[in-house]
Amino acid sequence: MRVLILGVNGFIGSHLSEAMLAKTDWHIKAMDLAQDKIEAHLDNPRFEFKRGDITQEPAWIEEAVKTSDVVLPLVAVATPATYVQNPLRVFELDFEANLNVIRLCVKYNKRVVFPSTSEVYGMCEDSEFDEEKSHLVTGPIHKERWIYSTSKQLIDRLIYAYGKHKGLSYTLFRPFNWYGPRLDDVFNPKPGGSRVLTQFIGNILRGEEITLVDGGAQQRCFTYIGDGIDALLKIIENKNNCAKNKIFNIGNPTENISIRQLAETLIQLITENYPDYAEQAKKVKLIEVDAKEYYGEGYQDVSLRVPSIRQAKEHLAFEPKVDVMTGLHKTLDFYLA
Ligand code: UGA
């Protein structure tokens, strides 16, 4: 199988390519702006990489889609601070750039595996989010955070329509707070410059205060990257068409913790297990900050985000295996080594 991965140097792309090279005989063609997370594969004959910007290389992209069996357009901005600070960039990249790729998949009749997001459910109040039943709930237009959710949602709807009316073969997968090694750069000190886990690890490493936005009672189901990748490999393999034209939440519903608990757990884990950072970790203070102050007026949050994984269990035999304590340990080993 020939798999095209756009955005291969990202968090998901780098783990996916590593797993594909180790566990399958598939051939990978890939593009990214950077290559620091995939250096190990550059000499592999099954890994064909071009460094570049997907918006500037239309001829390469078209040829790559044409000669692949499955296409994964993973290029996207995925940090909430950027949704608020630079919503046009989010639209141009997450929506427009990916739309071109999806249209090429329609043109050449290629299967597309697209990263939707847990964010499409927005502020849905269901106790667990269901791919077929839950409403997708976002805030007013001046709450610019929702440009990411709605850009992704419109692509989901387009892919669905291309599938129904033009015969496009697709799978949409929705990661729920996937985390692990290589998530973001913990040395990026900008508030909101990375996702919460890497933000907090960076805060502790630099001896800074940890900021709990609106008190940190909001909860997330943190899902270890290895579990997400297991599901993704089954989706790409698509044995007996098990993933054909389906939408899957991929998350760990039992590992549902508050952001405050996440901060406390990290401090405890570092204090107990990483002597070089223990003293520093013990001194870290948790402070509560209003969301408006931290992210700006355009921010709005999600208080509870739990996936139903019924579909993934039934069609992919998906079963998340890594609990938060184990996953955080593995992640800390990576960043603190
Ligand atoms: C994330 C991002 O949108 C995407 O990475 C992705 O599509 C999706 O969720 C997902 O992975 O499922 P969110 O969980 O809100 O959204 O993003 P984080 O930046 O990781 O923030 C989580 C929570 O921590 C938010 O409530 C935020 O306000 C809070 N936070 C963040 C803090 O309390 N302090 C901080 O320093 C940073």
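Numerical summary
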quantity	calculated
Percent carbon-and-sulfur accessible area, the stretch 26-68, ignoring ligands, DNA and RNA, probe 1.4 Å	47
Residues of the stretch 71-160: accessible area per residue with a 1.4 Å probe, Å²	43
Pair-distance profile P(r), taking every C-alpha pair of the stretch 57-171, with 5 angstrom steps and integer %	2, 12, 21, 20, 18, 14, 8, 4, 1, 0
Stokes-Einstein translational diffusion, the stretch 45-89 - Kirkwood Rh over all Cα pairs, 1.567 mPa s, 4 °C, in µm²/s	100
Over the stretch 1-44 - Rg/Rh using Cα atoms and the Kirkwood inverse-distance radius	0.91
Reciprocal mean inverse distance between Cα atoms of the stretch 62-115 - Kirkwood radius, Å	11.9
Overall form of the stretch 134-231 per C-alpha gyration tensor (a/c, 1.5; a/b vs b/c)	prolate
Spherically averaged projected area of the chain from its Cα convex hull (nm²)	16.2
About the Cα centre, charge dipole magnitude for the chain (Lys/Arg +1, Asp/Glu -1 at Cβ), debye	1100
Mean Cβ neighbour count within 10 Å, used as a protection proxy, ranking 90-102, 314-326 highest first	90-102, 314-326
Distance from the stretch 227-262 to the stretch 23-92 (C-alpha centre basis), Å	21
Calculated FRET value between ILE287 and THR24, using beta carbons and R₀ = 41 Å, to 0.05	0.35
Sites LYS107 and LYS190, calculated FRET efficiency, Cβ-Cβ separation with R0 30 Å, nearest 0.05	0.15
Rg/Rg_ref, the stretch 230-337, where Rg_ref = 2.2 N^0.38 Å and atoms are Cα	1.42
Residues of the stretch 296-337: accessible area per residue with a 1.4 Å probe, Å²	47
The chain - share of DSSP beta bridges that are antiparallel (%, nearest 5)	10
With eigenvalues of the C-alpha gyration tensor scaled by 5 and rooted, the stretch 1-115, Å	22, 18, 12
Accessible surface of the stretch 233-325 [probe 1.4 Å, protein heavy atoms]: carbon and sulfur percent	46
Percent antiparallel among DSSP beta bridges (both partners in the stretch 127-265, rounded to 5)	30
Protection-proxy order for peptides 112-119, 14-21, 257-264, each taking the mean of Cβ atoms within 10 Å per residue, highest first	112-119, 14-21, 257-264
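The values are calculated or read from the model by the stated rules, or taken from the named source; none is laboratory data. Only a predicted model underlies this, so the values are computations on that prediction, with no experimental measurement involved. Heads up, the Cβs are rebuilt from the backbone with ideal geometry, glycines too, and the neighbour counts pull from every protein chain shown. All accessible areas refer to the heavy atoms of the entire protein, side chains included, with ligands and DNA or RNA removed. Shrake-Rupley method; radii C 1.70, N 1.55, O 1.52, S 1.80 Å.
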